[in-house]
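Notes for the one structure printed next.
Please treat every number below as a calculation from the coordinates, not as lab data. Predicted model only: the values in this text are computed from it and were never measured. Backbone-built Cβ (ideal geometry, glycine too); neighbour counts: all protein chains shown.
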Amino acid sequence: MTRKRHEREEEGNGLRELGRVMPPSEFYQPAPCLDNQYEADSLLRGYLAWRVPAPMLRALHSELGRFGERVVTDIAALGRAAEAQPPRLVPYDAWGRRIDDIVVSDAWRELDRISAVEGLVAIAYERANGELSRVHQMAKLYLFHPSSSTYSCPLAMGDGAARFLEVHGDERTRNAFEHLTTRDPARFWTSGQWMTERTGGSDVSATSTIARPGESAGVASGAEPYRLFGTKWFTSATTSQMAIALARIDGAPAGGRGLSAFLVELRDATGALRGIRVNRLKDKLGTRALPTAELTLDGAPGTLVGGAGDGVRKIASMFNVTRVYNAVAAVAGMRRAIVLAQDYATKRTAFGKPLIEQPLHRETLADLDAVERGCFLLAFHAVELLGKEECGTATERDLGVLRLLTPVVKLYTAKHAVGVASEALEAFGGAGYIEDTGIPQLLRDAQVLPIWEGTTNVLSLDVLRAIERTDAWTAWRTDIELRLDAIDQPSLVGAVEQIRARIEALARSMQAARDASTLETNARRIAFAIAHVSASARLAEYALWSATHPAGAHDAAAAADSLTRWLASSS
Ligand SMILES: Cc1cc2nc3c(=O)[nH]c(=O)nc-3n(C[C@H](O)[C@H](O)[C@H](O)COP(=O)(O)OP(=O)(O)OC[C@H]3O[C@@H](n4cnc5c(N)ncnc54)[C@H](O)[C@@H]3O)c2cc1C
């Protein structure tokens with residue numbers, strides 16, 4: 001909704017109209033509205049001005065300005081329509097033939113088309129802006145996600161698969177890569193990722209899906225020389241054209257090392273599933289427009305990617321992308337919840353004043369805003385490093401920081417996304433709990449973020465592995481200290497000292513845990529502390545930049561305020 005429409009609506013409502021006091025029975029609460037989500041986002045605009053060179057910024061400004069309007073108009077309407085018409089499974093046709101058709105709404109299909117045309121995945125592979133292409137792409141995803149009814153999920157998995165194929169693929173997988181990264185909606189593919197089985201999603205070592213060479217499975221070998229047999233317990237975006245699946249080649253050793261990664265194209269030229277049965281669709285708390293199915297693989301053809309064995313390690317390139325998507329989706333969801341709550345606070349009156357004039361309510365919203373700002377800058381730090389890695393411009397230190405930050409940003413932003421969504425719901429009072437306001441969806445959809453792509457505990461243990469088995473800790477510490485050294489403004493000296501003290505305290509407590517052999521039980525505390533310190537440093541850098549550059553002046557007060565609030569919290 002544009003500012004003009006929004007203001008007209010406000011004028012027409014409220015308790016006082018045409019000079020008379022309306023009786024309470026004539027009162028109808030004005031709904032919260034959304035302005036252009038690029039223009040209204042001072043942090044996004046400030047961040048881009050900080051990180052992006054002027055010619056790219058000019059191009060982004062016009063592209064994101066246009067897209068920021070779409071996400072509150074046609075894309076938002078499609079998201080609502082997709083949410084209202086969840087996918088359904090049609091197992092048989094009229095004549096009793098098994099078809100396992102997953103029927104999705106027209107809106108969901110249109111979101112796919114828009115994603116292709118807008119280049120939501122393609123931008124990252126066209127690399128028109130070199131190492132900053134990921135920043136460009138993720139800025140668009142950040143605008144898109146909260147309006148898309150989680151269409152960002154098939155995009156994340158398609159993008160992750162593209163990166164996996166870029167790193168480990170060959171001639172046989174080039175066609176799939178091109179489909180995943182095109183802007184042509186008629187050729188655009190998304191992907192699933194099939195890891196989780198009934199025995200586990202965090203621990204996939206007991207995976208029982210078997211890959212048999214085609215001949216032993218009774219099929220002549222060809223371009224897809226394996227046939228997959230097994231059951232996959234969670235498969236999202238099951239209407240995608242392809243998936244990356246984990247399976248054990250017949251006779252391969254037990255455990256995680258014995259698993260390999262396969263590219264599975266789901267359907268033949270007629271649209272029929274190839275050796276796949278859809279057992280049922282999951283009945284989920286949230287992400288309701290997104291189909292998530294249980295599958296039986298009964299000879300699904302697969303192409304081995306990256307050679308036999310060690311598949312879990314090889315698909316790390318996929319997870320690195322999907323975890324960064326998760327972090328960007330988390331901050332995007334937070335931003336949307338806060339923007340709606342802020343707008344509502346200008347329209348809802350209690351105890352004789354709009355909520356926004358109630359000091360405690362305003363303070364509550366300002367604290368949420370600071371959480372989102374810290375998480376945003378943290379997430380986009382990982383985005384920048386991912387872009388550098390993909391373009392081959394990352395230093396050894398950058399790679400170490402990225403190794404540590406990828407699980408850290410995913411787990412930390414996801415956890416805060418749930419907290420912020422919950423608090424934002426409360427800011428609407430009872431209306432926040434009522435489905436047709438659209439507000440409950442914010443919380444339902446946030447709750448999946450800490451679960452998929454690695455739970456909080458599982459990723460905290462991954463952070464420990466990065467610290468104990470690689471140089472990531474040294475890289476991270478050196479990097480952050482160098483960046484703090486560069487913050488020379490007197491008004492920020494206190495903040496910098498505080499951040500340094502927290503780094504020292506973290507290093508000491510890690511050593512104490514190491515000495516006491518309690519690193520594992522402290523893994524979560526360590527991961528959260530790394531996230532908090534990383535975000536603090538980014539907030540301080542941004543506060544310095546916005547205070548000293550005209551392009552940041554519009555956000556300087558908010559940047560300073562959010563740094564103070566952030567440092568007053570400890571997690
Ligand atoms: C909506 C939705 C969509 C999904 N889509 C997909 C998909 O497309 N493809 C796919 O492969 N999977 C998908 N998943 C599955 C998801 O990735 C898994 O649910 C997740 O990885 C957790 O695995 P699990 O369910 O087996 O839980 P478990 O592994 O059983 O974990 C249960 C709890 O134990 C904790 N835990 C586990 N191990 C440890 C440990 N060593 N130390 C401490 N704590 C531990 C976890 O943190 C968690 O809190 C989806 C899940 C959801 C909810």
Open item on the list: Between 0 and 90 degrees, rounded to the nearest ten: what's the tilt of helix 3-12 against the longest Cα principal axis of the chain?
Closed with: 60
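Counting only other residues whose beta carbon sits under 15 Å from that of Arg362, what net charge do I get with K and R as +1, D and E as -1? Can you show the working numbers first?
Details: positive: Lys347, Arg348, Lys353, Arg565; negative: Asp343, Glu357, Glu363, Asp367, Asp369, Glu423, Glu426, Asp561.
Residues close to Arg362 contribute a combined charge of -4.
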- [ ] Under 1.5 on a/c is rounded, so check that first for the stretch 509-571, then, if it is not, pick prolate when a/b is larger than b/c and oblate when it is not; a ≥ b ≥ c are the square roots of the alpha carbon gyration tensor eigenvalues.
- [x] prolate
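Arrange the peptides 119-126, 194-201 so that the one whose residues have, on average, the most other Cβ atoms within 10 Å appears first. Walk me through the numbers on the way to the answer.
On the way: 119-126: 22.1, 194-201: 18.4.
Ranked by mean Cβ neighbours within 10 Å, highest first: 119-126, 194-201.
If we count every other residue with Cβ under 10 angstrom of Ile210's Cβ, Lys/Arg +1 and Asp/Glu -1, where does the sum land? Kindly include the intermediate steps, with their values, before the conclusion.
Working: positive: Arg212, Arg227, Arg248; negative: Asp250.
After counting each charged neighbour, the total is +2.
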Open item on the list: Compute the helix-to-body angle for 42-51: its Cα long axis versus the longest principal axis of the chain, expressed 0 to 90° and rounded to tens.
Closed with: 70
Open item on the list: With an 8 Å Cα cut-off and a minimum separation of 6 or more residues, compute the relative contact order for the chain in percent.
Closed with: 13
Open item on the list: Could you list Asp398, Asp93, Asp436 so that the one with the fewest beta carbons within 10 Å of its beta carbon is first and the one with the most is last?
Closed with: Asp436, Asp93, Asp398
- [ ] Stick to the Cα atoms of the stretch 316-571, pair each with every other, and give me the Kirkwood hydrodynamic radius in Å at one decimal.
- [x] 19.1
Open item on the list: To test your reading of the geometry: what angle, between 0 and 90 degrees and rounded to tens, separates the Cα axis of helix 359-391 from the longest principal axis of the chain?
Closed with: 40
Task: Neighbourhood net charge (13 Å Cβ-Cβ; Lys/Arg +1, Asp/Glu -1) for Ala568 - done: -1
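Going by how many other beta carbons lie within 10 Å of each one, how would you line up His179, His416, fewest first?
On the way: His179 19, His416 25.
The order, fewest Cβ neighbours first, is His179, His416.
How do Ile499, Ile338 line up, fewest other C-beta atoms within 10 Å first? Numbers along the way, then the final one.
Numbers: Ile499 27, Ile338 22.
By the 10 Å Cβ count, ascending, the order reads Ile338, Ile499.
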